[in-house]
1. Taking the condition of a type in the set (S, T, N, Q), farther than 26 Å from Gly694 by Cβ and in contact with a strand residue (DSSP E or B) (Cβ under 9 Å, 6 or more places away or on another chain), does Thr785 pass?
2. Return the pairs, sorted by first residue and then second, in which the second residue is open to solvent by 30 Å² or more (accessible area, probe 1.4 Å), the first residue lies in region 698-712 and is charged (D, E, K, R), the beta carbons are less than 7 Å apart, and the residues are 6+ apart or on different chains.
3. Can you tell me which condition Val580 does not meet? The list is (1) open to solvent by 80 Å² or more (accessible area, probe 1.4 Å); (2) touching a residue at least 40 places away in the same chain (Cβ under 8 Å), and all the others hold.
4. With more than 42 Å from the chain's Cα centre (by Cα), of a type in the set (S, T, N, Q), at pLDDT below 90 and assigned by the TED database to the domain that holds Asn767 as the only criterion, which of Gln813, Gln809 stands out?
5. Within region 814-864, how many residues are of a type in the set (Lys, Arg), within 23 Å of Phe746 (Cα to Cα) and in a loop (DSSP other than H, G, I, E, B)?
6. Go through region 791-813 and count every residue that is in a loop (DSSP other than H, G, I, E, B) and open to solvent by 60 Å² or more (accessible area, probe 1.4 Å).
7. Just to be sure I understand, how many residues within region 671-704 are at pLDDT below 75 and either exposed (fewer than 11 other Cβ atoms within 10 Å of the Cβ) or more than 36 Å from the chain's Cα centre (by Cα) (or both)?
8. Go through region 873-897 residue by residue and tally those that are in contact with a Leu (Cβ under 6 Å, 6 or more places away or on another chain) and more than 19 Å from Ser704 (Cα to Cα).
Amino acid sequence: MPIMSTVAISRARRILYFEFPMADDPSTPAGLPRTVLERAHAAGARNAVIITSAPVHADRYRALTALLRQEGIAAYSDHIEALDIGGFTSMRNAADDLLASLRDSNTLLISYGRSHAPTVVACAYVAAGVDAPGAIDMAHCLRGGRRAPDEEGGYVYHFGDYLNLNRGGEEAWGSDTLREVTLDVLQAPALGEERLTPILDALPAARRLVRKETPGTDKAPAGKEALTPVPAPVVDGALTPAPAPTAQEALTPAETALSSADEGIPEVQAEEVPAPKRRKERRVKQVKPARPVSPAPLPANGAAHAAPFYRSLQFKLISIISIIIAVSLSGMIFVATYFFSRYNRIQVDEASVKLAEVLALKVSSDFESIIKRARLIDISAARPGADPADSPIRGDQDIMFASTAQRSPEGEGVRFDRQLSNDDLLARLQVTRPAIEAAAAANGKTLARSFTGELIIHNVSQSFSAPVMALCMPEERDPAGRVNSIMICFVSLANIQKAFETRGDVTQAFMVNDQGDIIAHPDVNIVVSGGNFIDLPIVKMMMTGNSVNGKTRYRDENGVFHIGSFQKTGIGACGVITTVEEQRALEEVYNIQRRNIYLMIIVLTVGVMVIFYFGKSITTPIVRLVDATKLIRDGNYQVDIRPTTRDEIGELTSSFIEMGRGLEEREKIKAAFGKFVNKEIAEAAMRGDLALGGERKNVAVLFSDIRRFTAISETLEPEEVVEFLNEYLSRMVGCVNGTHGVVDKFIGDAIMAIWGTPVSHGNDTVNALDCALMMRRELIEYNLTRGTDHKPIISIGCGINTGPVLAGQIGSQDRMEYTVIGDTVNLASRIEALNKPFGTDILVSQDAYEIVKDTYAVERMQKIRVKGKEEPQQIYAVLGRLDDPARPQSVLDLRALLSIKPYAGGQGHGTDEGEVKYEILE
């Protein structure tokens, strides 16, 4: 829900604050709610100040300004991007606009979207002479208790310091009228319920607000002008409002001054807020004899300007002692943990190896018993006339089937020959003869390996859904030693599985054959499913090594570390594996370590508290000295600080005060010097770094010149010429400075500007073209205030070239000037002169075009030949940025926009005192 607040300034002035967070929401109507306009009229608000902090939707923004004009409310437009020291100029303009508007009438303050409008109010109060805490309270009132940006408090303080530094002892705005402030808060209805005043169905291209005299309105106070829309840049349908004009240009009041006592609008009076204190030392805007600025008091305990605690000396003292304690205790803890865990790991290794040996011995004994019984079964079955019913297989607890086998005719399987079965065991295990045949067929290839003389142990549990292994061994050999038949026994693993049942919660043991197949495992499901652990590092180690036992530390597929060992059984290439999860094996070690760390934290906490309270008595004088350095850094060299001790810190404080006085004198010199030369050059001169000489650099050079300046100046008085030039050059120089350029020199009405030296920002040619386009817009805006005999409409031409130059100090040791020289500069000057015959306002060279061709829309012009160049030069007219839909689409559109008439003298040669400067080629 939008919020509308009313702030009363003395008896006659009010700020009507409307927060409009849904301004760009397409689901809401454009413009303002009707009740807001009625409230503004009831309060007699003839001016509105619109604050934005982000790009806005162009059509909706224009609809708002059009609605205000229809309602007879003139508008200021100010854009505050962020609360940082680089935006003090924009904030100063916004504050001045608000105060200027209030001097004329009650004012409607609109926060368009989520803007910094409350901060603008706070800064306006600071500009009017109110102290920063009181100004911040006003911003808090406007927010209705919502949290302010974290940086707002410090920003308002720094803004006050900025005004002190830049306005010296001038009288403050409105310091005699800001007496008491009351706040009325009204909840405006939802926007969807409002009926808005009709606005234009079709609006012209995106426009920006500038001031112009409007006939038919009440006479404005001296120097105040109404707002008229002029073209402004639009990007993807979004408009960024231009920085507001200065407060010297106020607004024309509405046609009718409405009464502020409308009885139809109820007012809810909130409780009165005490008037904020005034800062006696701040005086701006009124022309009075300068008064010295009183020393700025330091914040109590350094709170307002103090650096974060983590940068303080007290923090460093705490940190150093805490680090010593922490390193000592943690070193003891981790060393003890290391040796304890090492001892535990050795114990775990030994236990794991011992368990593997015991299990391997047990399994070997079981295998030997099974093999011995299998041979007895074979002998009894082979005896002539033997009754199978009398075979030893009956009553055996492990062997459930035995048979001799021949190689199958296909050569890859086995064929049973003499077969004996343990029917009781088969019945108990629910195994049938067909299942035995199927198991032999499924595993025949593996079982047939026994024909090579090997003893094969293989897991065939999958065929029986029960833990069963196949035991294959050679039976008969021919005289040459070749195996003619083998014996196959299917053996229940029930008894062997018992040896591998879970042994505690830590160690796990299992057995694999030479293929990595599981023979026995604590989890029967893994045995029955025919699991294979060949990829397990400990199994690989056993398979590839020649040792009968071994141990290692490895990581499984889940990234968990294990301590493993193995022991070969010596039968059927089987081996017993034991593994221990390292984390669980060393769990108690880590528990002890954790408890020690908790103890260390408690000791550190107690130590920090003791050091904090003891260190505070040592660091307080230093903290106050740090606060004083912050004030000097921000430009306030007269600090209220005195030595409180007679030690080294006291001496440092005295020296610091003397240093501040010296810096104040130096800053005054630099400020005066900086008005005549570039800021970087002024700083180099103060450092004594200037010397004759130069260096080669790639720069962008711009020449700008007023067309028919000589003819214009002949019709004006000398004072009018100077005033006109100062106004014009101020606007153009602002464009150069706003695009990181440097004004190299003024040549009468001409400007030579450079980008790329002394400091390059990496996109110098783009910045130069942006500057030229800004000059175009500024000129359109400037011409709206002109058009009389003494203020004729003017046009300019800009020429831009990019290339190598020699940049440096030119002159003598007694008088030098920082400038650039070279062919690049000469060509830029020639290109500027071509605007007149070409009927354009911005021309660029081929070298500059190649750098920016993907950013700007241009139109190719005729080639030219200039003095000193053998090859013809291609020139391009700049129409605008490619991302600007409002740009001219052709040179003809450009001429229509700027009212440029084609040169009547034709196109041919350019001469200067008989010397040919350029030639336009057909």
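The values are calculated or read from the model by the stated rules, or taken from the named source; none is laboratory data. Keep in mind it's a predicted model, so treat the numbers as computed, not measured. Here Cβ is always computed from backbone atoms with ideal geometry, including for glycine, and neighbour counts include all displayed protein chains. Quick note on the areas: whole protein, heavy atoms, side chains included, nothing else; ligands and nucleic acids left out. Shrake-Rupley method; radii C 1.70, N 1.55, O 1.52, S 1.80 Å.
1. yes
2. Close Cβ pairs satisfying both conditions: Arg707/Ser795; Arg707/Lys836.
3. (1)
4. One residue alone meets the criteria, Gln813.
5. 1
6. Residues that pass the stated criteria total 3.
7. 14
8. 2
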